[in-house]
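The values are calculated or read from the model by the stated rules, or taken from the named source; none is laboratory data. These numbers were taken from a predicted model, which means no experiment stands behind them. Methodologically, a virtual Cβ is constructed for each residue, glycine included, from the backbone with ideal geometry; neighbour enumeration extends over all protein chains shown. Accessible surface is based on the protein model in full, side chains and every heavy atom, while ligands, DNA and RNA are left aside. Shrake-Rupley method; radii C 1.70, N 1.55, O 1.52, S 1.80 Å.
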Amino acid sequence: MKHTFYLLVENHQGVLARIAGLFSGRGYNLESLTVGVTSDPTVSRITLVCIGDDMIMEQIKKQLNKIVDVIKVVDITYLPSVNRELSLIKINAKSSQRGEIFQIADVFRAKILDVGQSTMILEITGTSEKIDDFIALLSPYTIIELARSGLVSMERGKKLKKE
């Protein structure tokens with residue numbers, strides 16, 4: 001089962017390497033990882049998506065809490081939260097196909113970022129499932145390149161003490 005954690009960590013060199021090292025050293029599977037600075041420039045927020053059972057997730061949480069630079073670890077898998085991902089998709093697009101592609105993009109509220117002689121770049125944000133569905137609909141147009149940001153999550157309604 002997929003679990004989503006967010007971590008608040010000290011924002012300095014080497015913290016991400018220690019966290020990634022924990023995952024590689026223990027053989028834990030990491031599905032996605034996103035990092036960004038919070039409103040406090042000394043603190044970064046990391047969103048991790050891992051696959052495993054509850055026992056493994058508890059081990060991961062305990063190991064993450066042992067890292068000195070980690071301020072807080074929260075498993076928000078079962079908590080009400082907002083989850084978003086961003087994706088950029090470059091596809092082959094003949095001029096005769098562009099009308100259909102614009103319609104698909106409109107339905108999914110995607111943005112057309114670039115139109116070339118024979119390609120288009122589209123941007124979409126939303127849940128991972130929405131992006132998967134969008135990609136599936138675009139697959140007949142030949143996807144040349146795909147970039148996904150990884151999940152960014154935030155628990156609903158609760159105010160953090162340090163961020």
- [ ] State whether one or more residues within the range 127-138 are part of a strand (DSSP E or B), at pLDDT 95 or above and open to solvent by 70 Å² or more (accessible area, probe 1.4 Å).
- [x] no
Within the range 48-60, the residues that are aliphatic (A, V, I, L, M) and assigned to a helix (DSSP H, G or I) are 55, 56, 57, 60
Of the conditions (1) crowded, with 16+ Cβ neighbours inside 10 Å; (2) free of Cβ contacts under 8 Å to residues at least 60 places away in the same chain; (3) aliphatic (A, V, I, L, M), the single one that residue 73 does not satisfy is (2)
**Message:** Given the criteria β-branched (Val, Ile, Thr) and closer than 21 Å to residue 134 by Cα, does residue 46 qualify?
**Reply:** no
Restricted to the range 141-157 and to residues being surrounded by 11 or more Cβ atoms within 10 Å (Cβ to Cβ) and not hydrophobic (A, V, I, L, M, F, W, C), the residue farthest from residue 89 (Cα to Cα) is 155
Of (1) open to solvent by 20 Å² or more (accessible area, probe 1.4 Å); (2) out of contact with any Lys or Arg (no Cβ under 7 Å at 6 or more places or on another chain), residue 3 satisfies every one except (1)
Of the residues in the range 26-39, those that are among the small types (Gly, Ala, Ser) and modelled with pLDDT under 90 come to 27
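Here is a check on your reading of the model: is residue 56 out of contact with any Leu (no Cβ under 8 Å at 6 or more places or on another chain), without any contact (Cβ under 8 Å) to a residue 60 or more places away in the chain, open to solvent by 20 Å² or more (accessible area, probe 1.4 Å) and of a type outside the set (Lys, Arg)? Steps first, please.
Values: out of contact with any Leu (no Cβ under 8 Å at 6 or more places or on another chain): yes; without any contact (Cβ under 8 Å) to a residue 60 or more places away in the chain: yes; open to solvent by 20 Å² or more (accessible area, probe 1.4 Å): yes; of a type outside the set (Lys, Arg): yes.
Judged against the criteria, residue 56 is a match.
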Exactly one of 45, 98 is in a helix (DSSP H, G or I) and either under 23 Å from residue 147 (Cβ atoms) or of a type in the set (A, V, I, L, M, F, W, C) (or both), and that one is 98
When restricted to 79, 88, the only residue in contact (Cβ under 8 Å) with a residue 12 or more places away in the chain, open to solvent by 20 Å² or more (accessible area, probe 1.4 Å) and under 19 Å from residue 130 (Cα atoms) is 88
Over the range 6-42, the set of residues hydrophobic (A, V, I, L, M, F, W, C), part of a strand (DSSP E or B) and open to solvent by 20 Å² or more (accessible area, probe 1.4 Å) is 30, 33, 35, 37
Matching residues in the range 55-98 (at pLDDT 95 or above and of a type in the set (Gly, Ala, Ser)) number 1
